[in-house]
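Bear in mind these aren't lab numbers, they're just calculated from the coordinates by the rules spelled out. Quick caveat: nothing in here was measured; it's all calculated off a predicted structure. Every residue, glycine among them, receives a Cβ derived from its backbone with ideal geometry; neighbour counts consider all protein chains shown.
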Amino acid sequence: MIKEAPVLTIDGPSGSGKGTISTTVAGKLGWHYLDSGAIYRVLGYLAKTRNIAFDDVGGLVNLSQNLDLTFTAQGISLDGKPVGDEIRTEDAGKRASLVSPIPEVRKTLLQWQRARARPPGLVADGRDMGTVVFPNAICKIFLTASAQARADRRFKQLRDKGFDVNIAQLFKEISERDERDANRKVSPLKPAHDAVVLDTTELDIAEVISRVMGEINSRL
Ligand code: DC
């Protein structure tokens, strides 16, 4: 039997800094890292390439059931091949947000995500890590920031990856995506009742990391 591993969940809206904070904290702790958003991004990307419509629930469930996804230190692989930045565009984020409200899809992915909790521990980032996937996590963080600060961060992130982005358009897309993620019936974006909510609008990355490390270390 696999020994139960401690889990740190980091949830929040897009651009709240979840990815950067989670990977850094996972590295410092020497723990595994689960980027749950990447699963929905890959699904949305596959739906596009295979011409599966967002209202084709059967097709999307089938896709999620046959997803051969691997997370390694080098990145994400699909069917044994590395997945690149094609899942990192804002369009891919929107597609992810459109496939993710389907209850059967989320149910299919639940056990797979839970099985990532292996010793010595797991840092899991997403929207419902603390509320649904890992309700018994030893430490839950919910990161927020103003919509403008999040759009600015995403703008820099996408521009640094070489994408052509328009800040006003990005602000609109991020706001629409958050609205959809927060208002869906299944696993909406919201802090768990026992989460520590951190507003990062005025904080730099080092300060957020230090706060999160303080929270997890106080529980270990
Ligand atoms: O974290 P991200 O921006 O990569 O996530 C992309 C989308 O995937 C997000 O807008 C909603 C969906 N998602 C989700 O429904 N549940 C998660 N745990 C993570 C992401």
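Ordering Phe163, Phe142 by the number of other Cβ atoms within 10 Å of each residue's own Cβ, fewest first, gives Phe163, Phe142. If you take all C-alpha pairs in region 55-192, what percent of them are over 22 Å apart? Cα-Cα pairs of region 55-192 separated by over 22 Å account for 47 percent. Between the amide H of Val83 and those of Ile76, Ser77, Leu78, distances stay under 5 Å, these residues lying 5 or more places away or on another chain, with hydrogens modeled in the peptide plane. Spacing of the modelled spin labels on Ala147 and Ala5, each 7 Å from Cα toward Cβ, amounts to 3.7 nm. Backbone geometry of region 136-141 corresponds, through the Karplus equation with coefficients 6.51, -1.76 and 1.60 at θ = phi - 60°, to 3J(HN,Hα) couplings of 9, 3, 6, 8, 10, 10 Hz, x marking Gly and Pro.
Toward the positive end of the charge dipole of region 9-104, with +1 on the Cβ of Lys and Arg and -1 on the Cβ of Asp and Glu, the farthest Cα among Leu98, Leu69, Phe54 is that of Leu69. Here the relative contact order of the chain, from alpha carbon pairs under 8 Å that lie six or more residues apart, stands at 34 percent.
Only alpha carbons enter this Debye calculation for region 1-87, each as an equal point scatterer, and the log10 of I(q)/I(0) it gives at q = 0.25 Å⁻¹ is -1.28.
The GNM of the chain, with springs linking C-alpha atoms under 10 angstrom apart, assigns the highest mean-square fluctuation among Ala73, Ala182, Ala168 to Ala73. Close amide H partners of Asp199, meaning residues 5 or more places away or on another chain with modelled amide H under 5 Å apart, are Thr144.
As a proxy for reagent exposure, ranking Ser64, Ser218, Ser100 by other Cβ atoms within 10 Å from fewest up yields Ser218, Ser64, Ser100. Scalar couplings 3J(HN,Hα) for region 110-123, obtained by applying the Karplus form with A = 6.51, B = -1.76, C = 1.60 to θ = phi - 60°, are 4, 5, 4, 5, 5, 5, 6, 6, 10, x, x, x, 9, 9 Hz; x denotes Gly and Pro. Proximity of backbone amide H atoms, modeled 1.01 Å from N, is registered between Ile141 and Thr9, Ile10, Asp11, Val196 at under 5 Å, excluding neighbours fewer than 5 places apart on the same chain.
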